[in-house]
Amino acid sequence: MAYVIGANCIDVTDRACLDVCPVDCIYVGDRKSYINANECIDCGACEPECPVDAIFVDRKARGDESKAVFVTDSIAFFEEPLPGRDTPLGSPGGAGTVGDLGVDTPMVAQY
């Protein structure tokens, strides 16, 4: 995983990052967006576009528990069934194919 969206995105989802992502790997939950590491090409186009500085490189989470939990949570968004769903989202090949999901991980939902 290279890029992660953290706490500053919760209840903001301004979507500027979606507009610049060349591979459509940023998925919109209910209160926050998530970057699919399997689809991301690590270009970094999203990071400077975020108006609330919510996007960071995963290695910046080392030693910073407030960021590390969002690395784990981002993985869970794609690899574990989300609330109300029977199967994990996985890597569907682009956020545009699934649209806004309207659901977050339990961690973000309780945040």
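What the table below lists for this structure:
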| read-out | value |
| --- | --- |
| Asp53 paired with Asn8, simple spin-label distance in nm, labels 7 Å along Cα-to-beta-carbon | 0.5 |
| Intensity falloff of the range 1-51 expressed as log10 I(q)/I(0), Debye formula with alpha-carbon point scatterers, at q = 0.31 Å⁻¹ | -1.45 |
| Surface accessible to a 1.4 Å probe, per residue, for the residues of the chain, Å² | 51 |
| Hz values of 3J(HN,Hα) by residue in the range 81-90 - Karplus curve (6.51, -1.76, 1.60), Gly and Pro given as x | x, 6, x, x, 10, 8, 10, x, 5, x |
| The chain: C-alpha gyration tensor shape, a/c 1.5 cut-off, then a/b vs b/c | rounded |
| Efficiency of FRET between Ala109 and Cys43 - r from beta-carbon atoms, R0 30 angstrom, step 0.05 | 0.50 |
| Carbon/sulfur fraction of accessible area - the chain, other protein chains in place, 1.4 Å, % | 46 |
| Selected from Ala45, Ala76, Ala95 as most flexible by GNM, with the chain as the system and alpha-carbon contacts under 10 Å | Ala45 |
| Heavy-atom accessible area ranking, 1.4 Å probe, most first, across Ser33, Ser91 | Ser91, Ser33 |
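The values are calculated or read from the model by the stated rules, or taken from the named source; none is laboratory data. Bear in mind the structure is a predicted one, so any value in this text is a computation, not a measurement. So basically every Cβ, Gly included, is an ideal-geometry build from the backbone, and we count neighbours across all protein chains shown. For accessibility, only protein heavy atoms count, side chains too; no ligands or nucleic acids. Shrake-Rupley method; radii C 1.70, N 1.55, O 1.52, S 1.80 Å.
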